[in-house]
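This report refers to the structure that appears directly beneath it.
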Amino acid sequence: MGQRIAVYGPSGSGKTTLARQLADRLGLPYLELDAVFHARPNWNHLTASEFREAVRAFLDANHGGWVIEGNYQAVRGLVLARADTAIWLDPPFLQVYWQLASRTLVRTFQRTELWNGNRETFRQTFLDRRSLLLWGITAWGPGRRSIRRALRLRRPGLPVYHLRTRGQVRYLLENVQAVAAASAAR
């Protein structure tokens, strides 16, 4: 386990929770790519070049280590080129979809602000083609293939932790300091 950790997985897989916990336990800066991409209110996201520049600036400012989570292909190459560890959360579809649907419904009805004034609305959740409930179904297969391909084509020597169960995630979190210390000693 290195000090520059990229966390991937579908929406609802627990990426944000795991990445925050890793960053906290290892004392590393944390970056949620959704918060960067959705930098403007009313779901007006950054352009691809603005997004890449913002991520590049974070990477340049944090040479000593970081934890970054998100699946954006526009910056995946930037992140993987500097990562020394990749984690792929890959639980079963029904578990992920249940978590995604539950979270989305709670956020919708509580009008929870996600990033930069953006909220999931009733209309967006139930009546819009951009609904996360629909996204969770349609993006599942293509997203998994994209992550698998990117991690297969990663640079040689980059370790990938492919976690499929909650028990594996718990084990990693319980042992992360020991694993990081052993890697640093090599």
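Quick note: the coordinates plus some simple rules give every number you see, no bench work behind them. Predicted, not measured: the structure shown is a model, and the values here were computed from it. Here Cβ is always computed from backbone atoms with ideal geometry, including for glycine, and neighbour counts include all displayed protein chains.
Observations, loosely collected:
- Distance histogram in 10 Å bins (all Cα pairs of segment 99-144, percent per bin): 28, 53, 19, 0
- Residues in segment 58-65 carry Karplus couplings, in order, of 5, 4, 5, 7, 10, 4, x, x Hz; the curve used is 6.51 cos²θ - 1.76 cosθ + 1.60 with θ = phi - 60°, and Gly or Pro positions show x.
- Helix axis angle, 140-152 relative to the chain longest principal axis, alpha carbon, degrees: 20
- Principal-axis tilt of helix 15-26 within the chain, Cα atoms, nearest 10 degrees: 40
- Cα-only Debye scattering, segment 79-156: base-10 log of I(q)/I(0) at q = 0.11, 0.13, 0.21, 0.27 Å⁻¹: -0.40, -0.54, -0.99, -1.19
- Loop-located trypsin sites (Lys or Arg not before Pro) in segment 30-125 (DSSP state not H, G, I, E or B) with no more than 10 neighbouring Cβ atoms inside 10 Å: R111.
- Other residues within the sphere of radius under 10 Å centred on the Cβ of D90, judged by their own Cβ, net out at +3 (K and R +1, D and E -1).
- What the Cβ-Cβ distance of R148 and R111 gives, at R0 = 22 Å and to the nearest 0.05, is a FRET efficiency of 0.05.
- Here segment 1-120 carries DSSP beta bridges of which approximately 20% are antiparallel, counting only pairs with both residues inside.
- Estimated D of the chain in µm² per second, where Rh is the Kirkwood radius over Cα pairs and Stokes-Einstein applies at 4 °C, 1.567 mPa s: 75
- Cα-based helix-to-principal-axis angle, 73-82 vs the chain, degrees rounded to 10: 20
- Here is how the number arises for the chain: DSSP H runs of 4 or more residues each give -39500 (n - 2.57), the sum is divided by the residue count, and the result at 222 nm is -17500 deg cm²/dmol.
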